[in-house]
């Protein structure tokens, strides 16, 4: 009996110690409390494809459908990608190769492709016709680009090039269905799009830059903007107000950003902009901080332990980062909510498209400083805008 008790006590001690260690580790990391979160569908996986723009744009529309009380849908991202490739090829050739032909795109691509071609479900068009279970576009992108580049060297193009290009798209993505079944009903892509109840003219894109007048509309100068789509321009603080107001009123946001910063950590599911120059440690801790080397300070700032102090982002800072290519249009995501960390700092809950095997099942938290600094543009339902903002933008 005594032996049993001793073993039990040891086990209890070990378990208590392990629990304490686990709690301590959790306390050192970021802990988030959700303030407001709007409905969203599960995170998808773009895998080895540069199609985040389609995944995030579709995610926004799926949330809009949820908000409208029409249930959860899993719409086909590759339907958009495949149709956009045909449009890209036509425009690339008309511009004699003077614009980008690549995997990337913008949020307006989704709404424009649906207007023109409709939409289908993921089940009806997964876009996996090349022996893979996940998207892998390395070969696809090279083949399509080489095909288009070979054409612009020709002086007299035959109309057969479109048939040939579509044959390549069919080979990789699969033939596009003329109709399909969903919940016992038969739809064409266009009739299915109409059944979703979305007004695709309701969606606008917004950014914040000083090289164009505020409250004006301009063509955003990023390589992936092959459609030459326009965005509305607002000051940085109003950009944040628009995002916050939308979330508070039940809307989500399609968010185009730069995730190449070392303050972005998918492993920790956090995105921050630490202030490497102005740590506000006090007393003896300040003394220790000032004695650290630059490498030691950088390591401490990017430890993602929930104590990093962030930069105060200004309009000039974000413009400079855009102008010198430190902020580029490299990833599309969806902002679904607002949260606070254990220190009361504001963060945004963001849905990614890198699968669900992550700390928060495919979601992460981006600080307000990160959103201010790294946002290229975002898509939003114009009905989420305040009356005052609609008036300023002429909507």
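The values are calculated or read from the model by the stated rules, or taken from the named source; none is laboratory data. What you see is a predicted model; the values in this text were computed from it and never measured. Every residue, glycine as well, gets a Cβ built from its backbone with ideal geometry; the counts of neighbours run over all protein chains shown.
Numerical summary
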| quantity | calculated |
| --- | --- |
| Subset of the stretch 335-373 [within 12 Å of the chain's Cα centre (by Cα) and under 19 Å from residue 232 (Cβ atoms)] | 335, 371 |
| So residue 255, is it within 21 Å of residue 64 (Cβ to Cβ) and surrounded by 15 or more Cβ atoms within 10 Å (Cβ to Cβ) | yes |
| Members of the stretch 42-94 that are part of a loop (DSSP other than H, G, I, E, B), over 28 Å from residue 247 (Cβ atoms) and touching a helix residue (DSSP H, G or I) at 6+ places or on another chain (Cβ under 9 Å) | 49 |
| Residue within the stretch 267-285 that is modelled with pLDDT of 95 or more, surrounded by fewer than 21 Cβ atoms within 10 Å (Cβ to Cβ), on the phi > 0 side of the Ramachandran plot and not in a helix (DSSP H, G or I) present | no |
| Elements of type strands (runs of 3 or more DSSP E) contained in the stretch 331-395, each with 2 or more residues being surrounded by fewer than 22 Cβ atoms within 10 Å (Cβ to Cβ) | 331-340 |
| Complete set of residues in the stretch 218-241 that are touching a strand residue (DSSP E or B) at 6+ places or on another chain (Cβ under 8 Å) and within 22 Å of residue 87 (Cβ to Cβ) | 218, 219, 220, 222, 225, 228, 229, 230, 231 |
| Selection within the stretch 137-170 - touching a strand residue (DSSP E or B) at 6+ places or on another chain (Cβ under 8 Å) and closer than 13 Å to residue 81 by Cα | 137 |
| Residue tally, condition assigned to a helix (DSSP H, G or I) and in contact with a strand residue (DSSP E or B) (Cβ under 9 Å, 6 or more places away or on another chain), over the stretch 310-330 | 2 |
| Residue within the stretch 187-206 that is in contact with a helix residue (DSSP H, G or I) (Cβ under 7 Å, 6 or more places away or on another chain), under 25 Å from residue 352 (Cα atoms) and at pLDDT below 95 present | no |
| Residue tally, condition touching a residue at least 24 places away in the same chain (Cβ under 8 Å), surrounded by fewer than 21 Cβ atoms within 10 Å (Cβ to Cβ) and more than 23 Å from residue 63 (Cβ to Cβ), over the stretch 193-213 | 2 |
| Total residues in the stretch 146-175, condition outside any helix (DSSP H, G or I) and either at pLDDT below 95 or surrounded by 15 or more Cβ atoms within 10 Å (Cβ to Cβ) (or both) | 9 |
| All positions within the stretch 176-192 that are in a loop (DSSP other than H, G, I, E, B) and surrounded by 13 or more Cβ atoms within 10 Å (Cβ to Cβ) | 176, 177, 188 |
| Which listed residue, of 112, 139, 123, is within 29 Å of residue 207 (Cβ to Cβ) and either touching a residue at least 12 places away in the same chain (Cβ under 8 Å) or not in a loop (DSSP other than H, G, I, E, B) (or both) | 112 |
